[in-house]
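Visitor: Here it is: the structure, laid out below.
No value in this document is a laboratory result; all are computed from the given coordinates. None of the values given here were measured: they were computed from a predicted structure. Please note: Cβ atoms are built from the backbone with ideal geometry, for glycine as well, and neighbour counts cover all protein chains shown.
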Amino acid sequence: MADSMTAAVTAAAQPRSSSLQRLARRRSSIAFLMTLPLICVILGLVVYPAGYAIYLSMLSRRMDEFVGLTQYDILIESDTFWLVVFQSCFFAVTAVIAKAAIGFWLAHMLHHIPTKGQRKWRGMLLVPWVIPPALSTLGWWWMYDPTYSSLNWILAIFAVPAVPWLGEPWWARVSVIIVNVWYGAPFFMIMYLAALKSVPEQLYEAAAIDGASSWQRLRYITLPMMQNIISITVLFSLIVTFANYDIVRVLTNGGPRDLTHLFATYAFQVGILSGNIPRGAAVSLFMLPLLAVFAFFILRGVNQRNKEMN
Amino acid sequence: MSATIGRRSGSLRAERRWALWTAYISLIIACVIFLMPPVYMLITSLKTNADIANLQGNPWIVTNPTLEHYRSIIGNPLFLTFFWNSIKVTVLTVVVSMVISVLAAFALARMRFWGSQWLATGVFLTYLVPDTLLFIPLYQIVGGLGLLNNTWGLVLVYPTLTVPFCTWIMIGYFASIPKELDEAALIDGASWPQMLIKIFIPVALPGIIAATIFAFTVSWAAFVYPTAFITTPDQMPLTIGVVSTLVRGDTFAWGQIMAGALLAALPPVIVYAFLMDYYIAGLTAGATKG
């Protein structure tokens, strides 16, 4: 009796489970299952929070009332906010240009020396990128320390007067940029070195036969061949630098007089430390259009370039 | 005629030598500047407190080297808690992100399905979204889940830092595996999971190592999320722990801060020292494949 029942049940279950199995064997359903965790991360931890941030930014300070664009209005009318906008743009643009220039120069220099020694030099030059920036910035903070500054000690050897690194607004801005350039230049160097190595040697040989000078080789071979990677690297770096947080938080914490705040540190100050979550969300959302513009222009350049090459 | 050729090749050689000199001089200058902060941190961590406070003399030399700062920082139970929290959060994040990104990258690289192209672009775009844009809404979300001031909250949000890039470079590595290999496996009757485990993971192992190193470095160095979500020292990972609790009061214990920062930076530096080639491969893969 029991046997026949189980037999009947299994018989009834047979076609269902086999169709289930067939479904499970289908390529698209397996693919969907495999990408499901990724989709969850993207939707749950990036897309949803981004939308939620927009909603948050339209609430009142106590978060019990919908106030529309009031938070944005208040920000646009505040002087501190415009200083933050200026400082963020100034910081990102200056630092990225310096990083790209230093990285390009060093990549070239590395490419010139015999291959055997390159590994060793590359290994040493990438160290700033490897140390967690929050920790290496502590080292810089100590080197900038007004009383014990070891940098001023070195400058004194060359008879340069002591620099008030973090005390005076413009020097504080420069100090923050120096640390960011120090941290980020090795990344550019590695990227450009990889790109330089992928330029076919025959092009240079052909140019050498035609009697091209080293400047012409750079201008007409290296730069066009590297244009793609230069723009991608600059795009990444602009976004990352623009949204930087660690260095300013450790080095100046926004001071002196809120003059070194970036979007991220200011949003943190307003949103988390002062507890005004909606306004903090509004501050960080101001980054979005600027970042989208950077991304759009450079990706368009890359696409055009790809089309030309095909 | 031959004289002019000789002169030209001579000037060419001189130009070469001059270029080599410029290269070495620039590299030496860059190395000195790039290594200056970590070296100075090391110097400070080896000095006695009296020597650190001494304004006379050269700050760049150690006269009486001592390990007292290292001894006291290792003996500090709080510091060990930071270390343990960092290890816990990092290991969990690395495992979770690698599982998610290897599975997804395999599906995106090999199985064309509805929306796969769209999803791959989405992965790239999420990589471009910085963590500082999301920390305020995530603060609310993590708070709503009751995970504020808890290392599990960090494990929940760290995948946003690692998964997009890991998936992106794994797609590149998987796509570079020849199609003939999976055709052969399919003819032999392998299922998709078998194909992934028996063929793709072993063949793309360098890529997996590179992605793992990336995930490890990023979660070890993460700073924005722990500063926002963690308030008490017992739940802090190293980065925020060293920055916020050792730096306190009017007189900074510089020797200890530097010793703590160096010890905290050690794991990524060691990984880098031993696996430099994988590290660099991972770094450059993202952009060259894009």
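Visitor: With r defined as the distance between the Cβ atoms of residue B:273 and residue A:115 and R0 fixed at 25 Å, what FRET efficiency is calculated, to the nearest 0.05?
Guide: 0.75
Visitor: Return the distance in nm (one decimal) between the two label points of a simple spin-label model at residue A:60 and residue B:15, each offset 7 Å from Cα along Cα→Cβ.
Guide: 7.4 nm
Visitor: Please label the shape of chain B as rounded, prolate or oblate, based on the square roots a ≥ b ≥ c of the eigenvalues of the alpha-carbon gyration tensor (a/c under 1.5 means rounded; beyond that, a/b larger than b/c means prolate, else oblate).
Guide: In terms of gyration-tensor shape, oblate.
Visitor: Give me the net charge for the shell around residue A:128: Cβ to Cβ below 15 angstrom, other residues only, Lys and Arg +1, Asp and Glu -1.
Guide: Working: positive: A:99, A:122; negative: A:246.
Net charge in that neighbourhood comes out at +1.
Visitor: While we're here: Please compute the average number of Cβ atoms from other chains found within 10 Å of each residue's Cβ in peptide A:283-290.
Guide: Numbers: counts 1, 7, 3, 1, 4, 2, 0, 0.
Partner Cβ neighbours, averaged per residue: 2.
Visitor: Another question, if that's okay. For residue A:67 and residue A:158, compute 0.36 nm times the residue count separating them, minus their Cα-Cα distance, and round to one decimal in nm.
Guide: Working: separation 91, 0.36 × 91 = 32.76 nm, distance 5.83 nm.
Result for the pair: 26.9 nm of gain on full extension.
Visitor: Got a sec? How would B:277, B:188 order by Cβ neighbour count within 10 Å, fewest to most?
Guide: B:188, B:277
Visitor: Taking the convex hull of the Cα atoms, report for chain A its projected area averaged over all directions, in nm².
Guide: It is 29.5 nm².
Visitor: With unit charges on the beta carbons (Lys and Arg positive, Asp and Glu negative) and the dipole taken about the Cα centre of the protein assembly as shown, which residue among B:94, B:259, A:268 sits farthest to the positive side?
Guide: Highest projection toward the positive end goes to B:94.
Visitor: Under a 5 Å amide H to amide H cut-off, with H placed in plane at 1.01 Å, what residues pair with residue A:59 once short-range neighbours are removed?
Guide: Hits under the 5 Å cutoff: A:67.
Visitor: Using the charge dipole of chain B (Lys, Arg: +1 at Cβ; Asp, Glu: -1 at Cβ; taken about the Cα centre), state which of B:197, B:31, B:138 has its Cα farthest towards the positive end.
Guide: B:31
Visitor: How many nm separate the modelled label positions at residue A:198 and residue B:53, each set 7 Å beyond the Cα in the direction of the Cβ?
Guide: Using points 7 Å along Cα→Cβ, the separation is 5.6 nm.
Visitor: If we count other beta carbons within 10 Å of each Cβ, what is the order of A:41, A:240, fewest first? The partial results should precede the final answer.
Guide: Details: A:41 25, A:240 18.
Fewest to most other Cβ atoms nearby, the residues stand as A:240, A:41.
Visitor: So, one more: Is the shape of the protein assembly as shown rounded, prolate or oblate, going by the alpha carbon gyration tensor and its root eigenvalues a ≥ b ≥ c, with a/c under 1.5 for rounded and a/b larger than b/c for prolate?
Guide: Verdict is oblate for the protein assembly as shown.
Visitor: What size of dipole, in debye to the nearest 20, comes out for the protein assembly as shown about its Cα centre when the only charges are +1 on Lys and Arg C-beta atoms and -1 on Asp and Glu C-beta atoms?
Guide: 1520 debye
Visitor: In percent, how large is the relative contact order of chain A, given Cα pairs closer than 8 Å and 6 or more residues apart?
Guide: So the answer I get is 25 percent.
Visitor: Quick test of the membrane-span-like rule: which DSSP H helices of chain A reach at least 18 Å along their long axis (C-alpha atoms) with mean Kyte hydropathy at least 1.0?
Guide: Span-like helices, by this rule, are A:27-42, A:79-112, A:169-198, A:223-242.
Visitor: Follow-up. Using a 10 Å cut-off around each Cβ of peptide A:252-264, what is the average number of partner chain Cβ atoms that fall inside?
Guide: For this peptide, the per-residue mean of nearby foreign Cβ atoms is 1.
Visitor: Is segment B:1-147 rounded, prolate or oblate when judged by the Cα gyration tensor, a ≥ b ≥ c being the square roots of its eigenvalues, rounded requiring a/c under 1.5 and prolate requiring a/b larger than b/c?
Guide: oblate
Visitor: Relative contact order for segment A:74-227: what is it in percent, counting Cα pairs under 8 Å that are at least 6 residues apart?
Guide: Relative CO of segment A:74-227 lands at 32 percent.
Visitor: Now, a different point. Regarding segment B:129-266, what whole-number volume in Å³ per residue does the convex hull of its Cα atoms give?
Guide: 142 Å³
Visitor: Normalised by the residues of chain B, what does the relative contact order come to in percent, with Cα pairs under 8 Å and at least six apart? Kindly include the intermediate steps, with their values, before the conclusion.
Guide: On the way: 275 pairs, mean separation 83.6, N = 290.
So the answer I get is 29 percent.
Visitor: Let me ask you something else. Charges only on Cβ, +1 for Lys and Arg, -1 for Asp and Glu: so what's the dipole of segment B:86-239 about the Cα centre, in debye to the nearest 20?
Guide: Dipole of segment B:86-239, to the nearest 20 debye: 60 debye.
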